[in-house]
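Okay, so here's the structure we're looking at.
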Amino acid sequence: MTNIPSILNRLTGMFAEDRAAFISALDDYSLLILDDLGVERNTEYALEQMFLVIDSRYRSRKPPRHL
C-alpha cells in the first residue's frame, strides 16, 4: 500500500530510465493499493505519472486498487 503523493515525490527529479524502472518495479506486487488518489495537484506531470503507473499495472495484468 502506498499513496499517490509518495509515488510522485519519488518520481520527481528522476531520470527517465530511473522513472521507468521505478514504475516497472510496482508491477512486481500482486496487489497495489493506491491511497489518496485525487489528492495531488492536477498538474499535467502528476496526471501523466499516474497514467503511467496505472497503465503499466494494466499491461502486466495486475490492475491497481484504490481507496
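The values are calculated or read from the model by the stated rules, or taken from the named source; none is laboratory data. All figures in this text were calculated on a predicted structure; none of them were measured in a lab. Using ideal geometry, Cβ is built from the backbone for each residue, glycine included, and neighbour counts are taken over all protein chains shown. We work out accessible area using only protein heavy atoms, side chains counted, and drop any ligands, DNA or RNA first. Shrake-Rupley method; radii C 1.70, N 1.55, O 1.52, S 1.80 Å.
Some points to look at:
- Integer Hz, Karplus 6.51/-1.76/1.60 couplings in order for the range 44-56, x for Gly and Pro: 4, 4, 4, 5, 5, 5, 5, 4, 4, 5, 5, 5, 4
- Chymotrypsin sites (Phe, Trp or Tyr not before Pro) lying in DSSP loop within the range 1-45, provided at most 10 other Cβ fall within 10 Å: F15
- Considering only Q49, Y29, N9, and ranking their Cα positions along the charge dipole of the chain that arises from unit charges at the beta-carbon of Lys, Arg, Asp and Glu, the one farthest toward the positive end is Y29.
- Ordered from largest to smallest accessible area (heavy atoms of protein chains, 1.4 Å probe), the residues L26, L47 come out as L47, L26.
- Annotation: amide H of N3 within the under-5 Å range of D35, sequence separation 5 or more or interchain, hydrogens built in the peptide plane.
- Around A21: net Lys/Arg minus Asp/Glu count, Cβ-Cβ under 14 Å: -2
- Dipole magnitude for the chain: computed about the Cα centre from +1 point charges on Lys and Arg Cβ and -1 point charges on Asp and Glu Cβ, it is near 220 debye.
- Only one item in [x] 11.0, 29; [y] 10.5, 33; [z] 11.7, 42 matches Rg and Dmax of the Cα atoms in Å derived from the coordinates shown, and that item is [x].
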